[in-house]
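Novice: Please read through the structure below; I'll follow up with questions.
The values are calculated or read from the model by the stated rules, or taken from the named source; none is laboratory data. Fair warning: this is a prediction, and the values are worked out from it, not measured in the lab. With ideal geometry, Cβ positions are generated from the backbone for all residues, glycine too; neighbour counts draw on all protein chains shown. To get the accessible areas, we keep the full protein, side chains included, count just its heavy atoms, and leave off ligands, DNA and RNA. Shrake-Rupley method; radii C 1.70, N 1.55, O 1.52, S 1.80 Å.
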Amino acid sequence: MMILGLVRWMQPVHGYDVRRELLSWSADKWANVQPGSIYHALRKLTEEGLLRAVATEQVGARPARTTYEVTPKGEEEFETLLRNFWWNLSEPSDPFAVAFSFLPAMPRAEAAAALRNRANLLRAGVESMRASPESDWVRNRKPVHVGWMFELWAVRAEAEMGWCDRIAERIDSGVSYLPAELENVEGWSGWKERQESRPPTEAE
């Protein structure tokens, strides 16, 4: 949707300008749009009939540049995607959620420390996001809603910071990871928490 929307917004536009605009948005960090995939995506969208190449030009020894526009089919697809993302809730994929699912595999002290470190990293990011809407870069060079997006990211990060601190405290307190009813039930033996590593004693 990002690439289709940008072509629609900037058309007629070269792939190079689409790439440059996406990089200026840091879309690789929050929209999972990798710079190296942009030209491939433009070609694929063209093959699918959502874009059309209106011209290809070459200046000197520079690589040829193709100019793109959105087709009527592409307009319809963009409108469908736009409203789908606005009106429906999609949970983002989060590698941390996958790792947290295996919490018992981490020693308690390390898990608590990692959560507090995550909170500190988020805190540093929040400070930057809070400052961004007041910066000249956002206030005078970007649409107003870009600042609103920074506000959303900051609120989400602050909520996660509080959660990290609370869970770290529970882990430190020794709360069991399994309900008592599951402690000896077949099939749950692999979820026994990992014990702290310690050097062997002479008796061992």
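Novice: Considering the range 28-65 alone, what residues qualify as being within 14 Å of Gly15 (Cβ to Cβ), among the β-branched types (Val, Ile, Thr) and either in a loop (DSSP other than H, G, I, E, B) or modelled with pLDDT of 85 or more (or both)?
Specialist: Within the range 28-65, Val33, Thr46, Val54 qualify.
Novice: Okay, moving on. Applying the selection to the range 64-94, what residues are touching a Ser or Thr at 6+ places or on another chain (Cβ under 6 Å) and closer than 15 Å to Ile3 by Cβ?
Specialist: Answer for the range 64-94, where residues must be touching a Ser or Thr at 6+ places or on another chain (Cβ under 6 Å) and closer than 15 Å to Ile3 by Cβ: just Thr66.
Novice: Select from the range 95-118 the residues that are of a type outside the set (Ser, Thr, Tyr) and within 30 Å of Met2 (Cβ to Cβ) and list them in ascending order.
Specialist: Answer for the range 95-118, where residues must be of a type outside the set (Ser, Thr, Tyr) and within 30 Å of Met2 (Cβ to Cβ): Pro95, Phe96, Ala97, Val98, Ala99, Phe100, Arg118.
Residue-wise test of (1) touching a helix residue (DSSP H, G or I) at 6+ places or on another chain (Cβ under 8 Å); (2) charged (D, E, K, R); (3) farther than 30 Å from Ala114 by Cβ; (4) open to solvent by less than 70 Å² (accessible area, probe 1.4 Å).
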| residue | (1), (2), (3), (4) |
| --- | --- |
| Val33 | yes, no, no, yes |
| Leu45 | yes, no, yes, yes |
| Gly49 | yes, no, yes, yes |
| Phe78 | yes, no, yes, yes |
| Leu82 | yes, no, yes, yes |
| Pro92 | no, no, no, no |
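Novice: Could you please give the count of residues in the range 100-145 that are more than 19 Å from Ala159 (Cβ to Cβ), open to solvent by 40 Å² or more (accessible area, probe 1.4 Å) and at pLDDT 75 or above?
Specialist: The number of residues fulfilling the criteria is 9.
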